[in-house]
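Enquirer: Here it is: the structure, laid out below.
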Amino acid sequence: MQDLLTQLDRTLLERQPKLHATLQPGIAIGGTGNLAQWFAWHNGQSRDAKAMLKQTYQFASYEDGCQLVRHMRGTLWQHPLQGLVLGLFARRSFYSLPLLTDPAGDGYYYHQLRKTVFWKFEGEQDIVLPSFEAFIQLLLELVEQPHSSPAAFGESEWKLLEKYAFVK
């Protein structure tokens with residue numbers, strides 16, 4: 001895993017130096033698993049960072065992810081009906097930290113109980129990647145692709161999801 005993160009760091013520095021410059025230093029979140037290694041590598045970007053991965057995604061910080069989870073869980077008590085709807089249709093959100101998200105909140109998340117990364121896009125079924133390493137390999141290929149239009153980027157991302165998550 002560490003070798004993949006080192007390769008991702010080099011590739012981001014080479015292909016998207018402005019984005020790389022906005023990545024915050026890594027932090028220790030406890031534990032030795034993949035999520036701990038991810039946030040030890042870099043703690044995402046600040047919310048006001050303008051640089052985005054392929055003009056689509058921002059790297060989420062651990063603090064922002066934890067705040068999102070707290071907000072989701074708080075919805076259960078503050079707005080029970082809305083919490084019930086979320087529980088029925090977005091159960092994973094109560095246990096998932098964002099890793100890479102677009103402005104609408106779609107993107108790649110880490111499910112803390114299952115220890116898996118999944119791709120979430122509103123209106124679509126979540127796509128679970130087989131491993132954290134597969135997520136980083138997919139990310140590496142995304143970063144290495146030449147600049148393209150948003151539509152072309154979406155198409156190439158979908159092909160990579162098919163490749164790494166065995167989407168049918």
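Enquirer: Taking amide H positions as placed 1.01 Å from N in the peptide plane, with prolines and chain starts having none, which residues 5 or more places from LEU129, or on another chain, fall under 5 Å of its amide H?
Expert: Counting only residues 5 or more places away or on other chains, the set is VAL117, PHE118, TRP119.
Enquirer: How many nm is it between the label spots at GLN145 and SER46, if each spot is 7 Å from the Cα in line with the beta carbon?
Expert: Here the modelled spin labels are 3.0 nm apart.
Enquirer: Continuing with the same structure: If you count only protein heavy atoms and use a 1.4 Å probe, how large is the accessible surface of TYR110, to the nearest 10 Å²?
Expert: 10
Enquirer: Further question: Rounded to the nearest whole Å², what accessible area per residue is found for segment 1-53 with the 1.4 Å probe?
Expert: Working: 2960 Å² over 53 residues.
With the other protein chains kept in place, segment 1-53 gives 56 Å² per residue.
Enquirer: Which of the lysines could a cross-linker span from LYS50 if the Cα-Cα distance has to be under 20 Å and same-chain partners fewer than 8 positions apart are dropped?
Expert: LYS18
Enquirer: Another question, then. What is the spin-label model distance, in nm, from GLN55 to ARG10 if the labels are put 7 Å beyond Cα along the C-beta direction?
Expert: 2.9
Enquirer: Heavy-atom accessible area of LYS163 with all protein chains present, probe 1.4 Å, nearest 10 Å²?
Expert: 110
Enquirer: Still on this model: For the pair GLN67 and ALA28, how long in nm is the line joining their label points, each one 7 Å along Cα→Cβ?
Expert: For the pair GLN67/ALA28, the computed spacing is 2.5 nm.
Enquirer: Kindly list the residues of segment 117-147 that lie in the label zone of SER156, defined by a backbone N under 14 Å from the point 7 Å along the Cα-to-C-beta vector.
Expert: 138-147
The values are calculated or read from the model by the stated rules, or taken from the named source; none is laboratory data. Quick caveat, the model's predicted, so the values are computed rather than measured. As a convention, Cβ positions derive from the backbone with ideal geometry for all residues, glycine included, and neighbour counts pool all protein chains shown. Side chains are part of the model used for accessible areas, which takes the heavy atoms of the whole protein and leaves out ligands, DNA and RNA. Shrake-Rupley method; radii C 1.70, N 1.55, O 1.52, S 1.80 Å.
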